[in-house]
Amino acid sequence: MAGRVRAAALALLPAALQVSASHLPAAALAVLFVALSTERRALRLTLPVVGFLVAGGLSVLVNPSAAGLTAWAFWLLGVVALVAVYVSSRPGDARPLALGAAAANLAAAALALLQVADEGSQARLLSFHPNLAAAWCLASLGANLAGWRAMRERPLLLRGSVAVGVPAGFVALALTGSRSGILGATAGLVVLLFVALLRLRGRAVALGVLTLLVLGVGSWQVDAYMRGPVTPNLLTNSGFEHGTLPWVAGSGSQRVVLPGGGGSVRLERDEPGTLLRYAGGVPVGGESDLELSLSVRPEGQEGAGPGLAVSVAVDALDADGAVLSRLGVEGWTESASASLTTVGNRPALPTEPVGEWQRYTLPIPALPTGTARLTVELQIRGGGGAYGLVDDIMLAPAGTGDYVAGGRPGLFTPLAPSLARLSVLRRPFEASGGRVAMWFLGLDLAAARPVLGYGLGSGHALADEHGWRVRTPLEHFHSLYVQLLVEGGAVLFAAFLVMVGAFLAHVARSVARGRQGASPVLAVAVALLVQSVFDPVLSFVPVLCCYWLAFCASEA
């Protein structure tokens, strides 16, 4: 009985760790898991961990503060908890952990689809940020994959459940739209593929390639079937009959159901931001002149003050996603940097007559040379409150006439917001979102105190104090390595590198010996370390603990 309760606690831990609002459920399950473990095993890699703690303690002694002492005490408590889990793990733990992680991945994929469909933005799951959700997905995938070989002799249903958890985890990861998470996953997949190629025979590799090819072609056919026949309207889900995607409603805008059936979007200003945008833009080919038209029903403003005015923003992008020109009332600007006042500013949606549907049409002249894609957005022009309803949006060749519905959402439509974010990776400095400037700021601050830094827990205060020195200041340095260098200096940074190096060498030796689950554990370690270049995800309890469970299971 105790063994079953212990296995159940272990299986529930990956899902419990995702609930970042409270760590109490995960802590209770971990205590139950440790308390019901009757066998203990010896510790490994103790010296690098002790060295890291000592380096952090030196930083606190030289730069004493309540924040630093709290951070170091948290580290110490975390190490004790992780050690307790490690010594309590035993052979056979990989199976319940893999089943629990697979179930958590399925739930995460369902929740991510719901969040993207409802909000039209990045999925954050049950965490407070999409990047943290992506890191948890990576760690949970590691726990899922670590128990794959252990399920060989189990019933087909259990093996199938573990197998389904892997693509579900990747779907959840993709829907977070986390660029740092995707880069980390790519690095991990490269490691996993390299290890697999060293072991697999030619026949197995050929079979894997053929399987991927069949799945790719099949997915493409399913996507084409779901989208339906091609129409003159270049926009997908143009009438909001199937939710909002690939449209993303921002500020206070939301989809509403009309009395006669069908959907519409109510434009309302709740906070700064775009009211409605088409994720990823619209691919265009050799079309000469286009027209953007939509049905609008202004509501007017109750009480004093001007109502919400809405601009129609259409930009031309090249194949790399860079803006070529912006559309004004009088045509395209000469360049992306030219002022919109030279072309009469952005067109505006009509505000009268109030309470009546009308058709608004915006002619789009010949596209600038090199245009590969158009972005379509409805932006706040001024005022507040609500504008009204918009529906039946059509982007089609000029002279098309009455409204024609665009294609239906396809299999990959939920990925549109994430793919739009990933496309920015072609322009690294733009994709960094201010990270590069914060890294240089952190390195500049670290140079002033190179040995023991400014003290643990000082990163956010330093970023806030010196943020005026960069164009786009962020709340922290957005890199685990820069954070360690600033807070603990070269001593803490070197101790961290030694600890990570010893850990990776240990896991690599396990891979060389053919230990069960070691390959995915190594791949996910690389993935999280790469993501930590852009976001300090390994300093978050849910991510580190979920990954640690996978490591412990592979070591048992």
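Taking segment 238-254 as the search range and keeping residues that are surrounded by 19 or more Cβ atoms within 10 Å (Cβ to Cβ), out of contact with any Asp or Glu (no Cβ under 8 Å at 6 or more places or on another chain) and not hydrophobic (A, V, I, L, M, F, W, C), which one is modelled with the lowest pLDDT?
Only one residue tops the list, namely G250.
Test each condition in (1) assigned to a helix (DSSP H, G or I); (2) at pLDDT below 85 for T472 and report the one that comes out false.
Just one mismatch for T472, condition (1).
Can you pull out every residue in segment 81-122 that is touching a Gly at 6+ places or on another chain (Cβ under 9 Å), buried (at least 17 other Cβ atoms within 10 Å of the Cβ) and over 20 Å from A518 (Cβ atoms)?
Of everything in segment 81-122, those that are touching a Gly at 6+ places or on another chain (Cβ under 9 Å), buried (at least 17 other Cβ atoms within 10 Å of the Cβ) and over 20 Å from A518 (Cβ atoms) turn out to be A103, A104, N105, L106, A108, A109, V116, A117, G120, S121, Q122.
Taking only segment 310-350 into account, find how many residues are assigned to a loop (DSSP other than H, G, I, E, B) and more than 19 Å from G370 (Cβ to Cβ).
9
Give me the residue from segment 292-315 that is acidic (D, E) and touching a strand residue (DSSP E or B) at 6+ places or on another chain (Cβ under 7 Å) and, out of that set, modelled with the highest pLDDT. Full working, then the answer.
First, the residues of segment 292-315 that are acidic (D, E): 299, 302, 315.
Narrowing further to those that are touching a strand residue (DSSP E or B) at 6+ places or on another chain (Cβ under 7 Å): 299, 315.
Working: E299: 83, D315: 91.
Only one residue tops the list, namely D315.
Going through segment 145-154 one residue at a time, which ones are assigned to a loop (DSSP other than H, G, I, E, B), touching a residue at least 60 places away in the same chain (Cβ under 8 Å) and not hydrophobic (A, V, I, L, M, F, W, C)?
G147
For the list (1) in contact with a helix residue (DSSP H, G or I) (Cβ under 9 Å, 6 or more places away or on another chain); (2) of a type outside the set (K, R); (3) surrounded by fewer than 24 Cβ atoms within 10 Å (Cβ to Cβ), I need the number of the one condition that P520 fails.
Failed condition: (3).
Tell me which residues, restricted to segment 351-373, are surrounded by 12 or more Cβ atoms within 10 Å (Cβ to Cβ), assigned to a loop (DSSP other than H, G, I, E, B) and not β-branched (V, I, T).
W357, P365, A366, L367, P368, G370, A372
Conditions: (1) crowded, with 19+ Cβ neighbours inside 10 Å; (2) farther than 30 Å from L389 by Cα. W220 meets all but one. Number of the miss?
(1)
Between a first residue in segment 117-140 that is assigned by TED's automatic domain parsing to the domain that holds G188 and more than 14 Å from G177 (Cβ to Cβ) and a second residue that is of a type in the set (V, I, T) and surrounded by fewer than 21 Cβ atoms within 10 Å (Cβ to Cβ), which pairs have beta carbons less than 7 Å apart while being 6 or more apart in sequence or on different chains?
L126/V19
Looking at this structure, is V166 under 26 Å from S253 (Cα atoms) and either without any contact (Cβ under 8 Å) to a residue 12 or more places away in the chain or among the β-branched types (V, I, T) (or both)? Quick ask: steps written out before the conclusion?
Working: under 26 Å from S253 (Cα atoms): no; either without any contact (Cβ under 8 Å) to a residue 12 or more places away in the chain or among the β-branched types (V, I, T) (or both): yes.
No, not satisfied.
Hey, among L157, L114, L210, which residue is free of Cβ contacts under 8 Å to residues at least 24 places away in the same chain, under 16 Å from the mean Cα position of the chain (by Cα) and assigned to a helix (DSSP H, G or I)?
Just a single option satisfies the conditions, and that option is L114.
Identify, from the list R449, R421, the residue that is farther than 30 Å from A316 by Cα and among the basic types (K, R).
Of the residues listed, the single one that is farther than 30 Å from A316 by Cα and among the basic types (K, R) is R449.
State which residue is surrounded by the fewest Cβ atoms within 10 Å (Cβ to Cβ) when the search covers only segment 148-207 and only residues that are modelled with pLDDT of 85 or more and of a type in the set (F, W, Y).
So, considering only residues that are modelled with pLDDT of 85 or more and of a type in the set (F, W, Y), the one surrounded by the fewest Cβ atoms within 10 Å (Cβ to Cβ) is F194.
Within segment 324-344, work out how many residues are touching a strand residue (DSSP E or B) at 6+ places or on another chain (Cβ under 6 Å) and in contact (Cβ under 8 Å) with a residue 24 or more places away in the chain.
Total meeting the criteria: 4.
Just one of the numbered conditions (1) closer than 30 Å to V486 by Cβ; (2) touching a Phe, Trp or Tyr at 6+ places or on another chain (Cβ under 7 Å); (3) surrounded by 14 or more Cβ atoms within 10 Å (Cβ to Cβ) is not true of G78; which one?
Every condition holds for G78 apart from (2).
Out of curiosity, is F170 outside any helix (DSSP H, G or I), hydrophobic (A, V, I, L, M, F, W, C) and assigned by TED's automatic domain parsing to the domain that holds L97?
Spelling it out, it is not the case that F170 is outside any helix (DSSP H, G or I), hydrophobic (A, V, I, L, M, F, W, C) and assigned by TED's automatic domain parsing to the domain that holds L97.
The values are calculated or read from the model by the stated rules, or taken from the named source; none is laboratory data. Computed from a prediction, not measured in an experiment: that's the story for all the values here. Ideal geometry is used to build each Cβ from the backbone, glycine not excepted, and the neighbour counts take in all protein chains shown.
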